[in-house]
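Notes follow the structure.
The values are calculated or read from the model by the stated rules, or taken from the named source; none is laboratory data. Predicted, not measured: the structure shown is a model, and the values here were computed from it. Neighbour counts run over all protein chains shown; Cβ positions are idealised from the backbone, glycine included.
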Amino acid sequence: MNVELRHLRALVAVVEEGTFTDAAVALGVSQASVSRSVAALEKLLGARLLQRTTRDVSLTVLGARVIVHARSALAEAGAIERAVDSLGGEIRIGYAWSALGRHTIGVQSGWATAHPGSSLLFVQSHTRHAGLGDGSADVAVLRIPLDDRRFSTFVVGSESRYAAVAMDDPLAKRRLVSLRDFAGRTIGLDSVTGTTTLDLWLPGEGPAATRDVHGVDEWLTLIAAGQAVGMTSEATMRQHPRPGVAYRRVRDAPPIPVSLAWWKDDPPTHVRDLVRLVRESYAEAAG
């Protein structure tokens, strides 16, 4: 039997993302590639691991047992990769949309000064855990809750929320907007990694419809075309300017907490120094 890590990554991604399409987006490959990997794994094991319907995907009894070992194997493989990378003094920081926004470059520079020979590498991952689960990141920047006891999390700051609208939208003429300005509109939402949910509005006072998106580029393209409006963190506004899209601060929306997360049983070297550096950067900007 020749089970490969790509087979396990595909299986875990499908289970965590809910569909083969979303798994492909998270892994940065084609849907056909994910399907082939899962099918190859099922062939090697001689049994079905997933029940497929037209609406969703669920684990079989055997699949529920295999997924536990698959996650463990990927975690161990990630630990091996991190051990090798640590010799080169590199810490990989995963993020879903916007890294640390305007703080990104300053934090990288401050880290290099405080830790000569070490560097921070930011890597994008369209997953709720921003690459921690599959080993592509040592530390993750999170703007959504991570309810997983395997990881330690620490709040390092907060960011204002911004509306994103087409440049010819009436809201683009405003300096500030409010939550009520979204009433009756169509809003683009990323259910996997997005920071906006309909819970921000009271029943009947929020957007009239939603459009599902997968990642920041698809979200911005939808908004620039005038097919939806959006709401996001300040970091997105700083990190992703886009022709045809205007960002306006939402004056009455609650701020978004920003956290760093890492494996609880395998914390990266000097992670506390990283937490302190990022906290100081956010505190300085707030002051």
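Tabulated data for the structure shown
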quantity: The lone exception for Leu179 - which of (1) surrounded by fewer than 18 Cβ atoms within 10 Å (Cβ to Cβ); (2) modelled with pLDDT of 95 or more; (3) outside the structural domain of Pro267 (by TED's automatic domain parsing) it fails; calculated: (1)
quantity: Strands (runs of 3 or more DSSP E) wholly inside region 182-287 containing at least 2 residues that are in contact with a Pro (Cβ under 8 Å, 6 or more places away or on another chain); calculated: 186-189
quantity: Exclusive hit being touching a His at 6+ places or on another chain (Cβ under 9 Å) and outside the structural domain of Ala140 (by TED's automatic domain parsing), set Asp212, Asp199, Asp190; calculated: Asp190
quantity: Within region 14-67, tally of residues that are in contact (Cβ under 8 Å) with a residue 60 or more places away in the chain and buried (at least 19 other Cβ atoms within 10 Å of the Cβ); calculated: 4
quantity: Count - residues of region 132-142 that are crowded, with 24+ Cβ neighbours inside 10 Å, touching a strand residue (DSSP E or B) at 6+ places or on another chain (Cβ under 7 Å) and in a loop (DSSP other than H, G, I, E, B); calculated: 3
quantity: Positions within region 255-279 being more than 20 Å from His129 (Cβ to Cβ), in contact with a strand residue (DSSP E or B) (Cβ under 7 Å, 6 or more places away or on another chain) and surrounded by fewer than 16 Cβ atoms within 10 Å (Cβ to Cβ), in sequence order; calculated: Pro255
quantity: Members of region 111-131 found to be over 21 Å from Ala24 (Cα atoms), in a loop (DSSP other than H, G, I, E, B) and in contact (Cβ under 8 Å) with a residue 60 or more places away in the chain, listed by number; calculated: His115, Ser118
quantity: Residue list for region 225-243, filter: of a type in the set (Gly, Ala, Ser) and surrounded by fewer than 15 Cβ atoms within 10 Å (Cβ to Cβ); calculated: Ala225, Gly226
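Rundown of residues vs (1) modelled with pLDDT of 95 or more; (2) under 24 Å from Arg174 (Cα atoms); (3) of a type in the set (Phe, Trp, Tyr), yes/no style:
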position	(1), (2), (3)
Thr221	yes, yes, no
Ala225	yes, yes, no
Gly244	yes, yes, no
Arg249	yes, yes, no
Pro257	yes, no, no
Trp262	yes, no, yes
Leu277	yes, no, no
Glu280	yes, no, no
Glu284	no, no, no
